[in-house]
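The values are calculated or read from the model by the stated rules, or taken from the named source; none is laboratory data. The structure presented is a predicted model; accordingly, all values stated were derived computationally and were not measured. Ideal geometry is used to build each Cβ from the backbone, glycine not excepted, and the neighbour counts take in all protein chains shown.
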Amino acid sequence: MLDGIELLSRFRARRRLDIGLKYGTAFEQRIKAIPGVERVQLAGSARRRKETIGDLDIVVGVKSEHHEAVANAILALQGIADVKGAGDSKISLILEASIFEDGFSVGHIDANVLEAIGGDDYEQLESAGTIDAQVRLVPPEMFAFTLAYFTGSKEHNIAMRQRAIDRGLRLNEFGLIPEAKAGELKGIEAAQFSLSAMTEQEIYSHLDLQWVPPELREDTGEIQSGSEQSLPQLLELEIIQGALHNHTVVSDGEATLEQMADAAQALGWTWLGIADHSPTLKIANGAPADRLLEQGQTIRKYNQNWQDEGVNFRLFHGVESDILPGGKLDHPDEVLSQLDYVVASVHAMTKWRGRDESENTEELLKVLEHPATKVLGHPTGRILQGREGYEVDVHRLIDAMAEHIEEGQFKSIELNASPYRLDIDYRLCKYAKLRGVPVAISPDAHSIRGLADIQYGVMTARKGWLEGKDVINSMSADALAQQLALQ
């Protein structure tokens, strides 16, 4: 009973990014179809791609003559569990899963994650869940200002307002208003004097700034970079060529090697890494050495066939190795030497969470010294809404990886793209970029559908200021092969 209460508390506080976006996108599309709606966009922490969100903010641009009809149509939409309030410009609602035309499913969840977030009880909660939403109805000429304001973050908005003040302007959800003209007028009354801006880009331009992508609006240096016109060219999903950390039926995946390869090619990828679990992780049906090596023979055969047929696709063969006591890997060197790479990961969370930061960090530093270790998998072990990660100094790990790279070895830190993990945190992505350590965005797919989770990794990478050159996923298969061969 206590476990159930704790799970319900976590579930009600915030929702994961993927769940928030599912609701937000569905609601946005329904509003967009209403006659009289000129513009509609999801704002808030969902637009900034935070790993978890509290509620949804939707901004709707509508002319005054259509305002009442649009408001009534929104209140009549399918998927509204309750109306908490409806004023002239704001509607507060509770959305339920019936908003989804094709129903709601959490999809395949690997056993390790499912156990951490509450098992079958979690799945029942999610399918019957709700989420709060606030709809702001504003005139089209005010839309950009309201969208920027309710996108946030609070800290970014404060910095933007100060920049406006320095220029004799007042910035709020109503407009960008010259103080000299507004005088004592406040709020929407002062907005009659606002500078014109139909897009956010125009707002930023008025303040002598490069437009700041929503993901970066956390007051972590984006204002300074925007003033210098030096914001990064953020990673785009379209340039992803592949991902290294994925599973098949050889361990706890639900798809075969062939099915995973076909799905990757359907995504337009030119390579895919297969890293099934090692034998110590019993819950994941970890593969013994003979089965792992047999998989490698099959992969080499497939690669040769694709090469002979002129198909631009390649499989890389690895293993997700449990990290054993003393920072050791879960296969002997004679087995590891036959693989392309190792994703070294912690799964024995009870032991790792029971130790202090220095001991955990030292163990991970040892595993990084092994030449077969190419990727450090989900480095903190956190499960969003499920458990905190173990104590570890990730900055020190990144520093050590940078030193290995300087010595001519290849090391990469994983950004696990599973929306249940998003590990490493976006704040650490920026540090990896600073130290020149490549980030491996990995869907950790346990099914064909799971490959699509790469999108959440890209969102998080963008939030961490990463560009295409900062991730291994943008590499060609040949370029990656050269890097993985480095010892």
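Phe104 passes all but one of (1) part of a strand (DSSP E or B); (2) at pLDDT below 90; which number fails?
(1)
Which condition number does Ala46 fail, the rest of (1) within 25 Å of Gly152 (Cβ to Cβ); (2) surrounded by fewer than 19 Cβ atoms within 10 Å (Cβ to Cβ); (3) touching a Gly at 6+ places or on another chain (Cβ under 6 Å) being met?
(2)
Hey, does region 423-432 have a residue that's within 13 Å of Leu237 (Cα to Cα), in contact (Cβ under 8 Å) with a residue 40 or more places away in the chain and touching a strand residue (DSSP E or B) at 6+ places or on another chain (Cβ under 7 Å)? Steps first, please.
As a first pass, look at region 423-432 and keep what is within 13 Å of Leu237 (Cα to Cα): none.
No: zero hits.
If the requirement is being in a strand (DSSP E or B) and either surrounded by fewer than 18 Cβ atoms within 10 Å (Cβ to Cβ) or at pLDDT below 95 (or both), which of these qualifies: Ile131, Ile177, Ile158, Ile188? Even if it seems obvious, please write down each step before you answer.
On the way: Ile177 fails: either surrounded by fewer than 18 Cβ atoms within 10 Å (Cβ to Cβ) or at pLDDT below 95 (or both); Ile158 fails: in a strand (DSSP E or B); Ile188 fails: in a strand (DSSP E or B).
Only one candidate qualifies: Ile131.
Test His378 against the stated conditions and say whether it is part of a strand (DSSP E or B) and in contact with a Lys or Arg (Cβ under 9 Å, 6 or more places away or on another chain).
So His378 does not fit the description; no.
Residues are listed down the side, and each one gets a yes or a no for (1) over 24 Å from the mean Cα position of the chain (by Cα); (2) of a type in the set (Asp, Glu):
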residue	(1), (2)
Ile131	no, no
Leu147	no, no
Arg163	yes, no
Leu171	yes, no
Glu184	yes, yes
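Name every residue in region 26-78 that is in contact with a Pro (Cβ under 7 Å, 6 or more places away or on another chain) and either of a type in the set (Asp, Glu) or part of a strand (DSSP E or B) (or both), in order of residue number.
Listed by number, the residues that qualify are Glu38, Arg39, Gly61.
Whether any residue in region 266-288 is under 24 Å from the mean Cα position of the chain (by Cα), farther than 22 Å from Leu376 by Cα and in a helix (DSSP H, G or I) is what I want to check.
Yes, region 266-288 has at least one match.
Any residue at all in region 388-411 that is modelled with pLDDT of 95 or more and closer than 20 Å to Met260 by Cβ?
Taking every residue of region 388-411 in turn, none turns out to be modelled with pLDDT of 95 or more and closer than 20 Å to Met260 by Cβ.
Considering only residues of region 263-294 that are surrounded by fewer than 21 Cβ atoms within 10 Å (Cβ to Cβ) and either in contact with a Leu (Cβ under 8 Å, 6 or more places away or on another chain) or hydroxyl-bearing (Ser, Thr, Tyr) (or both), which is modelled with the lowest pLDDT?
Of everything passing the filter in region 263-294, Thr280 is modelled with the lowest pLDDT.
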